[in-house]
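Some notes on the structure that comes next.
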Amino acid sequence: MNPKSIYKTKQRNMIIEYFQKSDKEHICAGEICEYFKSQGSEIGKSTIYRQLEKLVDEGILNKHVVDNSTSACFEYVGSDGHVHEGNCYHCICEKCGKLFHMHCGTIEGIEKHMLINHNFQIDPNRTIFYGTCEHCR
């Protein structure tokens, strides 16, 4: 996207600041709406959703859609791309729904194997492993 075509609104800046200050890795749009409502902000739900999609298009946020029945969640990566060193895979607990990051050399080895031996490139930012987290197990 052409940087000159990015229209930097007050609402856009408020949403980016919210992500920068948050201690959560993944945030759903509903949580953002609730936060701004609790702060007495007049930023509307449709504006929040529209801005989130624009920030994804700009590469400032990653959007993770787990399945058709769960709300998408967003992850702040800034203007320089993904904030994690190395490849980051995602795991979701099928019991509690928690989404968390996983860095694993073995999985990276599988990714390399798939590319070299099967000419298939895995996108680690879109790869989700389903299972049961430590807490729910």
*Given the Cα-Cα distance of residue 133 and residue 13 and 0.36 nm per residue of separation, how much length would full extension add, in nm?*
39.7 nm
*Using label points projected 7 Å from each Cα along Cα→Cβ, tell me how many nm separate residue 53 and residue 24, to one decimal.*
2.2
*Mind jotting down the distance between the C-alpha centroids of region 37-52 and region 10-24, whole Å?*
11
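We did not get these values from a lab; they are worked out from the coordinates using the rules stated. Treat the numbers as computed from the prediction; the structure is a model and nothing was measured. Quick reminder, even Gly has a Cβ in these numbers, built from the backbone with ideal geometry, and neighbours come from all protein chains shown.
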